[in-house]
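The values are calculated or read from the model by the stated rules, or taken from the named source; none is laboratory data. This is a predicted model, so every value here is computed, not measured. Every residue, glycine among them, receives a Cβ derived from its backbone with ideal geometry; neighbour counts consider all protein chains shown. These accessible areas exclude ligands, DNA and RNA; they are computed on the full protein's heavy atoms, side chains included. Shrake-Rupley method; radii C 1.70, N 1.55, O 1.52, S 1.80 Å.
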Amino acid sequence: MKYLPESNLQPVEEAEAKGEVARLYAEIKRDLQAPFLPNMFKTLAISPAALESAWGLYGSVLRTTTLPRALMSMILFTVAESRDCEYCAAQNEFACRSLGVDEETLSALVDDLDSVSPQRIRATIAFALKVSHDPLAINSKDFELLREHGITDEEIVEIAVNAAGATFFDILADSLKVEVEPAVAKELGR
């Protein structure tokens, strides 16, 4: 049995999963198209209700969003980096790279958002960061700017849902002390 060092929580490994947890694990791997189950979900499975709720939110968005998967991953990555969530930043950097997002774009998302091109992506990420960090400051000009870049109202709502979801998962990962998977750390050179 493996315990998370700082929290002493015992994640539920795939081989130990039974019943509803095993079913959810299979669904998670299928929908994420992942070769392994992320540690976040193994940790949440300590409470099957928490796993079902968290996956229900994320899985539903993943299956139904109109946003391209790469853009969704860029939102999650940038929010995680801005919130200093090591686990979520690594997971979503890995996802971005797997979806073809290049090194220059990943670096610009974090270090120089004004250089991100096209402007539509820059506006999307800036709005997502505002949702995550200062939602009360969002005003009509923010919505106008998004629409000027051809972003639909449906996409605006989905960007907000993705940014809020990213914040939710950052808080979970940080508070539960979820560790980056060795395969992800190795792939990212960490």
Query raised in the report: Are there any pairs, at least 6 apart or on different chains, whose C-beta atoms fall under 7 Å, with the first in region 169-183 and within 17 Å of residue 58 (Cα to Cα) and charged (D, E, K, R) and the second part of a loop (DSSP other than H, G, I, E, B) and open to solvent by less than 20 Å² (accessible area, probe 1.4 Å), and if so, which?
Result: 170/85
Report summary line: Picked from region 162-175 (must be aliphatic (A, V, I, L, M) and buried (at least 20 other Cβ atoms within 10 Å of the Cβ)), the residue farthest from residue 9 (Cα to Cα) is 163
**Report entry** Filter result (open to solvent by 50 Å² or more (accessible area, probe 1.4 Å) and either closer than 16 Å to residue 78 by Cα or in a loop (DSSP other than H, G, I, E, B) (or both)) within region 176-190
**Finding:** 177, 179, 189, 190
Report task. Working carefully through the options 143, 127, find the one that is over 27 Å from residue 40 (Cα atoms) and not acidic (Asp, Glu). Result -> 143
Report summary line: From the option list 145, 129, single residue qualifying as within 21 Å of the chain's Cα centre (by Cα) and not hydroxyl-bearing (Ser, Thr, Tyr) is 129
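Can you pull out every residue in region 84-133 that is assigned to a helix (DSSP H, G or I), of a type in the set (S, T, N, Q) and more than 30 Å from residue 182 (Cα to Cα)?
At the first step, the residues of region 84-133 found to be assigned to a helix (DSSP H, G or I) are 86-98, 103-111, 113-115, 119-133.
Filter again for of a type in the set (S, T, N, Q), leaving 91-92, 98, 105, 107, 115, 119, 124, 132.
Residues satisfying the conditions are 115, 119, 124.
Consider region 26-55. How many of its residues are in a helix (DSSP H, G or I) and either closer than 16 Å to residue 14 by Cα or in contact with a helix residue (DSSP H, G or I) (Cβ under 9 Å, 6 or more places away or on another chain) (or both)?
Selection size over region 26-55: 20.
Considering each of 5, 11 in turn, give the residue that is modelled with pLDDT of 95 or more, in a loop (DSSP other than H, G, I, E, B) and over 12 Å from the mean Cα position of the chain (by Cα).
On the way: 5 fails: modelled with pLDDT of 95 or more.
Criteria check complete, one pass: 11.
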Report summary line: Residue hits (region 16-60; open to solvent by less than 30 Å² (accessible area, probe 1.4 Å) and over 16 Å from residue 173 (Cα atoms)) are 17, 21, 24, 25, 28, 31, 34, 59
Query - Near pairs, Cβ below 9 angstrom, 6+ apart or cross-chain, from region 42-55 (without any contact (Cβ under 8 Å) to a residue 12 or more places away in the chain) to any residue that is of a type outside the set (S, T, N, Q) and in a helix (DSSP H, G or I) - result: 50/44; 50/172; 53/44
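Please enumerate the residues belonging to region 134-161 that are surrounded by 13 or more Cβ atoms within 10 Å (Cβ to Cβ), touching a residue at least 12 places away in the same chain (Cβ under 8 Å) and not in a loop (DSSP other than H, G, I, E, B).
142, 143, 145, 146, 155, 156, 158, 159, 160, 161, listed by residue number.
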